[in-house]
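Taking it in order: structure first as structure tokens, then the write-up.
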Amino acid sequence: MDFLSILGVIIALGAILGGNAMEGGHIDSLLNGPAMVIVVGGTVGAILLQTPLSVFMHAMRLAGTVFFTPKHQIKPAIAKMVGWSNIARKEGLLGLEAAAENEDDLFIRKGMQLLVDGSEPEVIRNILEVELEVGEQHDLQAAKMFESMGGYSPTIGIIGAVMGLIHVMQNLADPSKLGSGIATAFVATIYGVGLANLFLLPFGSKMKALALAKSHYRELIIEGVVSIAEGENPRNIESKLQGFLN
């Protein structure tokens, strides 16, 4: 669990609601059903029009990683690669077959299987780099979807504000309906700007950072597997991979 992300949400919402309370406002004044429907519905509709279904579904799956970040630990990966290189030197590449079958990470398992099958180092590198690049692009597209939602949301909020003002102008003769129309106008703007800047844009940026971190981790795996295939000395492999710690 990423406590920093959770803390960020708590501080952001606390600052908004706390500031509203300090000014004498009530939380009820920020709750408006029609404004929520306009902003959320309009933003989701716009992004569905823009985004292919595969990208949208992938983005929804990755959204949880903002709070439950996958573990891509560099030091344990280096130790694992060095251990496998020692096994390969003593038992040959076929000695890694059991390690390949027991590996949970599908990317590592694929590299190890190529290694066990006796593929050439350059072939292993090419195959894994293609998967790395395709996966990275897919993850970045998902991040860009949230950034696009962050661009649409404030504009949809303005649309909600204008609709609220239209409602007010149509009911000038009936003072009892003026309050709800004005509330929708202002609250819709708050929802649009707040949703974009407190959630959607930070989500997109965090997902980009996570995508790059995963690619960095996979680059280490590629270098380690290829080095084992080339029969490099385990100490040299360790020294090379420690560069990823920087």
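The values are calculated or read from the model by the stated rules, or taken from the named source; none is laboratory data. This is a predicted model, so every value here is computed, not measured. Here Cβ is always computed from backbone atoms with ideal geometry, including for glycine, and neighbour counts include all displayed protein chains.
Would you point out which residue out of E223, E219 is free of Cβ contacts under 8 Å to residues at least 60 places away in the same chain, surrounded by 14 or more Cβ atoms within 10 Å (Cβ to Cβ) and either touching a Phe, Trp or Tyr at 6+ places or on another chain (Cβ under 7 Å) or assigned to a helix (DSSP H, G or I) (or both)?
None of the other options fit; the residue is E223.
Out of G204, G164, one residue alone is more than 30 Å from A59 (Cβ to Cβ), assigned by TED's automatic domain parsing to the domain that holds K144 and not acidic (D, E). It is G164. Just to be sure before I move on: is A46 within 22 Å of the chain's Cα centre (by Cα) and touching a residue at least 12 places away in the same chain (Cβ under 8 Å) in the structure I sent? Yes, satisfied.
Of note, P202 satisfies the criterion of being within 26 Å of the chain's Cα centre (by Cα), buried (at least 16 other Cβ atoms within 10 Å of the Cβ) and touching a residue at least 60 places away in the same chain (Cβ under 8 Å). From the list A35, A59, the lone residue that is touching a residue at least 60 places away in the same chain (Cβ under 8 Å), out of contact with any Pro (no Cβ under 7 Å at 6 or more places or on another chain) and under 21 Å from A213 (Cα atoms) is A59.
Scanning region 118-126 turns up no residue that is over 30 Å from E219 (Cα atoms) and part of a helix (DSSP H, G or I). In this structure, D28 does not satisfy being farther than 18 Å from E136 by Cα, among the charged types (D, E, K, R) and in contact (Cβ under 8 Å) with a residue 40 or more places away in the chain.
Look at region 8-20: where a residue is assigned to a helix (DSSP H, G or I) and a partner is surrounded by 13 or more Cβ atoms within 10 Å (Cβ to Cβ) and at pLDDT 90 or above, sitting 6+ places away or on another chain with Cβ atoms under 6 Å, you get A12/L198. When I47 is tested against (1) surrounded by 11 or more Cβ atoms within 10 Å (Cβ to Cβ); (2) modelled with pLDDT under 90; (3) assigned to a helix (DSSP H, G or I), exactly one condition is not met: (2).
Set side by side, the residues A196, A209 differ, and just one is assigned to a helix (DSSP H, G or I), in the same structural domain as T69 (by TED's automatic domain parsing) and free of Cβ contacts under 8 Å to residues at least 24 places away in the same chain, which is A209. Can you tell me which residue is farthest from the chain's Cα centre (by Cα) among those in region 149-169 that are surrounded by fewer than 18 Cβ atoms within 10 Å (Cβ to Cβ) and in contact (Cβ under 8 Å) with a residue 24 or more places away in the chain? Across region 149-169, the extreme among qualifying residues is M163.
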